[in-house]
Amino acid sequence: MAVKPVIICLSRSGAKTAAKIASAFGYAVHGRKNRVDQADAYFDNALDHVRDLFAAKVPVIGVCASGILIRAVAPLLNDKTTEPPVVSVADDGSTIVPLLGGHRGANRLAKELADLLSGQAAVTTAGDVALGVALDEPPLGWRLANPENAKGVMAGLLSGGVARIEGENIWGLDTDPNGLVTLVATEEPTTGDETTLVYHPQKYTLGLGCARNCDPQEMWELVQKTLAENNIASGAIAAIGSLDLKADEPAMNALAKRLDVPFRVFTAEELESYADKLKNPSDVVFHEVGCHGVSEAAALALGSSDACLTIAKQKTKNATCALAVSNEPVTEFTGRTRGKLSIVGIGPGQASWRTPEASQLVAEAEELVGYGLYIDLLGPLAIGKTRSDFHLGAEEDRCRYALEQAAKGKNVALICSGDAGIYAMGALVFELMDRSADDMGVSDAAHRVEVKCTPGVSALQGAAARAGAPLGHDFCAISLSDLLTHRADIIKRLNAAAVGDFVIAFYNPVSKRRRTLLAEARDILLQHRPRDTPVMLARSLGRHDESVRYVKLAELEVDDVDMMTVVLVGSSNSKLAALGEGPRMYTPRGYARKIDGDLA
């Protein structure tokens, strides 16, 4: 489980059990407000809270009735291969039920909880019940080469078959040379099938080096050739590593993804500490990067303390690789990750308008960076994480800080409201990365981090949804803040949008200091569209103090608006009509003319 489970406690009767689990495993406790006295976080509605955590792929241990957890997550169930574990625990700890994710850690977690609480793990997965093991969930440090055949093999065993075990008996099962199914434990390439499961011990660590922008296919073919010539299965690779200067090397990152293993990087000083163990030390390499070898040293650095270099540097024109082997599977990795910065738009703030991908990136992050209010809006997802709050005007400071923290190998999420790419921090992050060091850019290490952008519900989308369909035809967005844009440019864009008859979403319409541009915008628009053009004023969308109202363009006043308001001005074709439960604003697309045959 990549993300730590959260313990949900609904009552004082279960608080003692929740606290015992938290103390033993270091998990956070989220308690029902006014019903649980001590917790790391509190919530009002259990169903909503559990649903938010589950959507973000956070494993849940509920000290409560199973039915509560089932009702909470039921609307989100669609793919058992990606759903996080959900485990229910009786208030007194007597019964532990893995409800979801049995073979994704829930069964193992239930058994651990049962041992801690002296309770009974009510595991119902057939393989676990009959065999005491789940053949598709090998021990840590082992990889199943053909998981697609696990179901059939387990069915064979459950039907009364016995297993023939070749190699190490990692399951502790009885073995029969005439068994109907075969469990193979080997580091060699072996093909499994409907009656054979193959498991590889991940004892090998792969060191890499290459010229800048090496062709990923060249590196892939070098590694595959090296493994094949030495009769080593790719599934026996535990991790790949290289010099930190190569953290963003496309070929290495692509290889890690294809092998589905971690990618770790080391400083030149760290790699140089293995100089006396290298088989191909190079003064040329030392002169260029500060260590006498990259691929061989990285392979050794990744392995356990007993690791030895088993395959010396192999090379092509642009790539090198080497392999070290440890006595036991490697499950803990030295070095650091490349570092990741997720630029996350959380929408207006309410969880239901936040995308599952955004929630998952937040859940996976070690550190949250942003304007404090936006981080607060994450609610349970922010609990227990390192957070770095910046005031509203410190945009460059927070982006620079987030990049430099990611450069240390951390997984960082930069939290923005709305969509992070619309009048938010996304563009500033890339601007900082695009600057040179002499032009107030960021460090070299910060240029090498992985940057991922995820979309959010923008203010204009939220406002449009509340209104009806005002963006049904061509529209644009204009910021009325002249802090970052010259006033003359704003006026030019206002005139162009007015002449073009666009529906317009005004961002940053006013502040305590900026009080004139909204009035100027209104007057410009009145030269090109009717006085009764509908204008929507949407404030605090998606939050508890949300308000929506409409005025005519000629009646729009600066005092009607503040920085929390999105102003949507209709085009000359936009309409405000009493439809259904209230006024609805929409802009016709022109379908009526198409139906009438007016359009060629």
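The values are calculated or read from the model by the stated rules, or taken from the named source; none is laboratory data. Predicted, not measured: the structure shown is a model, and the values here were computed from it. As a convention, Cβ positions derive from the backbone with ideal geometry for all residues, glycine included, and neighbour counts pool all protein chains shown.
Details
- With respect to the conditions (1) under 30 Å from the mean Cα position of the chain (by Cα); (2) among the charged types (D, E, K, R); (3) surrounded by fewer than 17 Cβ atoms within 10 Å (Cβ to Cβ), residue 203 falls short on a single one, namely (3).
- Residue in the range 143-164 that is touching a residue at least 24 places away in the same chain (Cβ under 8 Å), over 29 Å from residue 26 (Cα atoms) and in contact with a Pro (Cβ under 7 Å, 6 or more places away or on another chain) present: yes
- Test: residue in the range 554-576 that is farther than 21 Å from residue 476 by Cα and polar (S, T, N, Q): no
- Near pairs, Cβ below 6 angstrom, 6+ apart or cross-chain, from the range 25-41 (surrounded by fewer than 16 Cβ atoms within 10 Å (Cβ to Cβ)) to any residue that is among the charged types (D, E, K, R): 33/44
Yes or no, residue by residue, for (1) aliphatic (A, V, I, L, M); (2) modelled with pLDDT of 95 or more:
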{"position": "147", "(1), (2)": "no, no"}
{"position": "151", "(1), (2)": "no, no"}
{"position": "158", "(1), (2)": "yes, no"}
{"position": "178", "(1), (2)": "no, no"}
{"position": "184", "(1), (2)": "yes, yes"}
{"position": "189", "(1), (2)": "no, yes"}
{"position": "192", "(1), (2)": "no, no"}
{"position": "195", "(1), (2)": "no, no"}
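- All helices (runs of 4 or more DSSP H) inside the range 237-313 with 1 or more residues being of a type in the set (Phe, Trp, Tyr) and surrounded by fewer than 17 Cβ atoms within 10 Å (Cβ to Cβ): 283-289
- Residue match in the range 139-155 (condition: more than 29 Å from residue 66 (Cα to Cα), surrounded by fewer than 14 Cβ atoms within 10 Å (Cβ to Cβ), in contact with a strand residue (DSSP E or B) (Cβ under 6 Å, 6 or more places away or on another chain) and not assigned by TED's automatic domain parsing to the domain that holds residue 316): no
- The residues on offer are 409, 426, and the sole one that is closer than 26 Å to residue 350 by Cβ, out of contact with any helix residue (DSSP H, G or I) (no Cβ under 8 Å at 6 or more places or on another chain) and not acidic (Asp, Glu) is 426.
- Boolean, residue 504 is closer than 25 Å to residue 584 by Cα, in contact with a Ser or Thr (Cβ under 9 Å, 6 or more places away or on another chain), crowded, with 17+ Cβ neighbours inside 10 Å and at pLDDT 95 or above: yes
- Neighbours by Cβ (under 7 Å, 6+ apart or cross-chain): first from the range 554-570, assigned by TED's automatic domain parsing to the domain that holds residue 417; second of a type in the set (A, V, I, L, M) and surrounded by 15 or more Cβ atoms within 10 Å (Cβ to Cβ): none
Let's see how each residue does on (1) surrounded by fewer than 20 Cβ atoms within 10 Å (Cβ to Cβ); (2) more than 17 Å from residue 506 (Cβ to Cβ); (3) of a type outside the set (A, V, I, L, M, F, W, C):
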position	(1), (2), (3)
429	no, yes, no
435	yes, yes, yes
439	yes, yes, yes
454	no, yes, yes
468	no, yes, yes
473	yes, yes, yes
476	yes, no, no
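- Only one of the listed residues (294, 261, 284, 330) is over 30 Å from the mean Cα position of the chain (by Cα), among the β-branched types (Val, Ile, Thr) and modelled with pLDDT of 95 or more. That residue is 294.
To keep it simple, each residue is scored yes or no on (1) surrounded by 21 or more Cβ atoms within 10 Å (Cβ to Cβ); (2) under 30 Å from residue 352 (Cβ atoms); (3) charged (D, E, K, R).
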site	(1), (2), (3)
497	yes, no, no
510	yes, yes, no
520	no, no, yes
529	no, no, yes
535	yes, yes, no
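- Condition broken by residue 89, with the remaining ones in (1) modelled with pLDDT of 95 or more; (2) surrounded by fewer than 20 Cβ atoms within 10 Å (Cβ to Cβ) satisfied: (2)
- Contact map, the range 390-414: first residue farther than 22 Å from residue 264 by Cα, second residue of a type in the set (Phe, Trp, Tyr), Cβ cut-off under 7 Å, separation 6 or more or different chains; pairs are 390/371; 392/371; 397/390; 398/390.
- Taken over the range 314-323, the residue count meeting the criterion of being part of a loop (DSSP other than H, G, I, E, B) and more than 33 Å from the chain's Cα centre (by Cα) is 2.
- Some residue of the range 90-97 being assigned by TED's automatic domain parsing to the domain that holds residue 66, of a type in the set (S, T, N, Q) and over 26 Å from residue 236 (Cβ atoms): yes
- When residues of the range 69-86 are limited to those that are outside any loop (DSSP other than H, G, I, E, B) and in contact with a Gly (Cβ under 7 Å, 6 or more places away or on another chain), the one surrounded by the most Cβ atoms within 10 Å (Cβ to Cβ): 86
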